[in-house]
Structures are given as C-alpha cells and as structure tokens.
1. Condition test on residue A:39, is it within 14 Å of chain B (Cβ to nearest Cβ), under 30 Å from residue B:89 (Cβ atoms) and in contact with a helix residue (DSSP H, G or I) (Cβ under 6 Å, 6 or more places away or on another chain)?
2. So if I check each of A:10, A:17, A:48, which one is farther than 21 Å from residue B:36 by Cα and outside any loop (DSSP other than H, G, I, E, B)?
3. Would you please name the residue that is surrounded by the most Cβ atoms within 10 Å (Cβ to Cβ), looking only at residues in the range B:51-75 that are of a type in the set (D, E, K, R) and in contact (Cβ under 8 Å) with a residue 24 or more places away in the chain?
4. What strands (runs of 3 or more DSSP E) lie completely within the range B:88-193 and have 1 or more residues being without any contact (Cβ under 8 Å) to a residue 12 or more places away in the chain and not polar (S, T, N, Q)?
5. Out of B:116, B:155, B:191, B:102, which single residue is farther than 18 Å from residue B:61 by Cα and either at pLDDT 95 or above or crowded, with 18+ Cβ neighbours inside 10 Å (or both)?
6. Would you say residue B:23 is acidic (Asp, Glu), at the interface with chain A (Cβ under 10 Å from one of its Cβ atoms), free of Cβ contacts under 8 Å to residues at least 12 places away in the same chain and touching a helix residue (DSSP H, G or I) at 6+ places or on another chain (Cβ under 8 Å)?
7. Taking the range B:109-131, which residues are aliphatic (A, V, I, L, M) and closer than 24 Å to residue B:35 by Cα?
8. Would you point out which residue out of B:9, B:15 is touching a residue at least 60 places away in the same chain (Cβ under 8 Å) and within 8 Å of chain A (Cβ to nearest Cβ)?
2 protein chains.
Amino acid sequence: MNELEKMVLNEGSVLDNGVLKVDHFINHQVDPTLMEEIAKDFASVFQNKGITKVLTIESSGIAPALMTAKELNVPLIILKKQPSKVLYQDLFQTVVSSFTKETSYELTMAKNLLTEEDHVLIIDDFLAYGEAAAGAVRLIHMSHATVAGAGILIEKTFQGGRDKLKELGVMVYSQVRIEKMEKGNIVLAKERI
Amino acid sequence: MNELEKMVLNEGSVLDNGVLKVDHFINHQVDPTLMEEIAKDFASVFQNKGITKVLTIESSGIAPALMTAKELNVPLIILKKQPSKVLYQDLFQTVVSSFTKETSYELTMAKNLLTEEDHVLIIDDFLAYGEAAAGAVRLIHMSHATVAGAGILIEKTFQGGRDKLKELGVMVYSQVRIEKMEKGNIVLAKERI
C-alpha cells in the first residue's frame with residue numbers, strides 16, 4: 001500500500017452527499033513532502049514517455065502537477081476554467097460539463113503553448129467521470145500535440161472516467177483506486193493500474 | 001536585478017486594458033525551476049520568523065507557495081474563493097471585493113486548520129490593491145494565529161496594497177516592485193522592500 005492509499009483510508013472521509021473529503025492533505029491543506037513523493041512515483045511511471053510538458057486543470061491539481069513537472073524537469077501548463085480577461089485572444093476552448101457540480105465551464109489554453117512536437121502528461125487530483133480530463137485531451141489534440149498519459153491521485157473506478165480516456169487513446173495511471181465508498185467506508189480496488 | 005525582475009522586464013507585457021500579462025512564466029505556464037528560486041528567496045527572507053504554515057489564495061499563488069512551504073518544511077493552506085460543497089461547515093468566511101475584476105467573492109478557510117500557536121506566511125503572485133491579501137489576514141486573525149508576513153512575486157506599488165497590509169500590521173516583501181506601467185513600458189521601483 002502506498003503513502004497516498006494509507007492517507008485516503010486513514011484520513012479521508014465520505015460525506016452524506018457522497019463526496020470524498022480529502023481537504024486536509026490534498027485540497028485545502030497540502031503536505032509538500034507528500035506531493036513530492038506522489039510526483040516521484042508519477043515521474044518513475046512516465047519517465048520513458050518523452051514528456052516535454054506537464055498539464056493540469058486549476059486548482060487542486062496544481063500542487064502535485066508542479067512537483068511532477070519539477071521531477072521531470074519540464075514546464076507546467078495550468079488550464080483555466082473560464083476565459084480570463086488576460087487570455088482573451090489566441091485561445092483553444094472547449095466546454096466541460098461537471099457531473100459532480102452540475103455545471104459546465106469553458107476550459108481554455110493559449111494556442112502558442114504546445115506544438116506538435118510536445119508529449120504532454122496530464123496530472124489531476126481526481127478522476128471520476130473523466131469530463132475535465134477529456135476536455136484537457138481535446139485541447140491538447142487541438143494543438144496537434146501528443147497525450148503521453150494521465151496521472152491521477154485518486155480514481156473512483158465506478159464512475160467510468162478511465163474508459164472515457166481509454167476511448168480517446170489515453171493511458172491512465174492512478175495512485176489510489178476506489179471501487180466503492182459510502183459513509184464511513186472506503187474500499188480500494190485490488191488492481192493498481 | 002533578480003531572476004523574476006528580468007523575466008518581468010523581458011517577457012512581461014502590458015495589455016491595452018492595463019493588465020500585466022505574465023502568463024507564460026507565472027499564471028498559465030509555470031517554470032518549476034523559477035518557482036524554486038523564488039521560494040528559496042522567500043525562505044531566506046522569512047527564515048527567522050518561526051513560520052509554521054504557508055498560506056495562499058487559489059489559484060495563481062499555489063505554485064510559488066507550495067515551493068516555499070517545501071523550502072520551509074511546513075504545510076501549505078490554500079484558501080478557496082467560494083464555499084465549496086465539501087467545506088460547508090466549520091468555516092471562517094470573509095468577503096473580498098476585487099477591483100481588477102469588478103466582482104466580489106467569499107474567501108473561506110476551515111476553522112480547524114490554524115491555532116493561536118501558528119505563525120503564518122502569506123504568499124501570493126500579485127499585490128495590487130491588497131484586497132485578497134487583507135481577506136487572508138482577516139481569516140488568519142479569526143483563527144487567533146499570527147501573520148508572520150506576506151511574500152509577493154509582483155507588487156504594483158501605485159495601487160496601495162502595501163499600505164493596506166501595513167495598517168493591518170503585516171510586513172510585505174516583494175520580489176518585483178512595479179511603480180509604473182503602460183503599453184510597452186514597465187518601470188521598476190528603485191527600492192526593493
């Protein structure tokens with residue numbers, strides 16, 4: 001069992017509305033040492049993929065993605081969830097529907113950040129239905145760059161995100177795979193990848 | 001001249017609407033090595049302040065704040081800009097008005113993250129009018145913790161944020177201080193701190 005699996009089982013909790021609460025070590029308070037360990041694991045898994053950029057979606061994915069970019073010695077791209085005033089031109093844009101929050105938003109990336117030479121590793125904190133990650137894949141494809149894979153901290157296997165990414169040709173590696181969760185009970189999947 | 005000052009002068013640009021565009025090395029694409037240098041500078045400035053936590057506001061401050069927390073070997077707290085579904089209880093909340101975006105939002109922090117023993121270093125990418133940083137100070141004070149200082153990447157000295165924080169008793173250290181900017185022209189302040 002890796003460090004993150006232990007943290008999720010020992011310190012994660014499932015709220016009444018079915019949300020997994022990992023605020024105190026991933027979202028709201030972040031342990032830099034844990035992020036560094038997570039990043040080293042991602043870097044070792046993806047080290048032979050010729051990664052030229054790491055990419056994440058604001059804001060909970062930024063901490064592990066930055067550390068992974070540091071380990072791989074490449075830049076980090078942070079996708080914005082809405083067109084900002086600063087990025088009003090030369091943008092790739094795609095709409096993402098969020099099942100969990102019952103909203104949709106525009107995911108955006110400047111057109112000049114990626115080229116067809118780039119091999120991009122997507123890093124995110126959660127993989128649920130895979131809507132956000134699929135949006136990131138669309139933006140990378142618009143740039144004619146290659147998606148080298150997706151590294152996920154916590155995957156909920158029962159929500160189908162992995163299959164959605166597989167259909168897009170993207171290999172997923174998750175550090176924690178949850179196959180079932182209900183109040184007071186989190187069950188990890190037996191298969192790691 | 002430090003590395004960040006060089007980057008701002010060489011690669012930053014001022015848009016028609018007066019916004020400083022630093023997307024390609026701070027906001028949208030991030031250089032982990034630059035972030036590490038920035039963090040080492042903050043760590044050396046604040047090393048004798050007994051810092052127990054670093055705190056930032058999502059999302060552009062996360063990268064430099066995480067690296068600073070790593071250098072100081074303390075946890076990072078990320079303040080959310082609106083009440084999230086997960087954090088619906090036991091929250092400190094304060095309203096922040098954003099001059100630049102002409103909106104206001106709720107800045108929130110879980111009540112159990114800080115105690116009166118904590119000495120908190122605020123890290124953020126920009127200091128303009130100081131509204132967001134002042135909101136962070138209010139949340140830290142609600143916890144009865146101590147604000148050890150504020151470390152800023154880029155300060156616009158002509159917008160008064162430093163004075164606002166000084167009134168709240170907070171010492172500000174900025175790596176880049178811009179005293180004037182207009183299209184095609186960025187002028188740094190002579191005084192560094």
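1. Judged against the criteria, residue A:39 is not a match.
2. Exactly one residue qualifies, and that residue is A:10.
3. Taking the range B:51-75 and keeping what is of a type in the set (D, E, K, R), we get B:53, B:58, B:70-71.
Remaining after also requiring in contact (Cβ under 8 Å) with a residue 24 or more places away in the chain: B:53, B:70-71.
Numbers: B:53: 22, B:70: 25, B:71: 20.
Checking each candidate, the answer is B:70.
4. Passing ranges, in order: B:185-188.
5. Numbers: B:155 fails: farther than 18 Å from residue B:61 by Cα; B:191 fails: either at pLDDT 95 or above or crowded, with 18+ Cβ neighbours inside 10 Å (or both); B:102 fails: either at pLDDT 95 or above or crowded, with 18+ Cβ neighbours inside 10 Å (or both).
Answer to the selection: B:116.
6. no
7. Answer for the range B:109-131, where residues must be aliphatic (A, V, I, L, M) and closer than 24 Å to residue B:35 by Cα: B:120, B:121, B:122, B:123, B:127, B:128.
8. Answer to the check: B:15.
The values are calculated or read from the model by the stated rules, or taken from the named source; none is laboratory data. Owing to the predicted nature of the structure, the values given are computational and were not obtained by experimental measurement. Note that we place each Cβ from the backbone using ideal geometry, even for glycine, and neighbour counts take in every protein chain shown.
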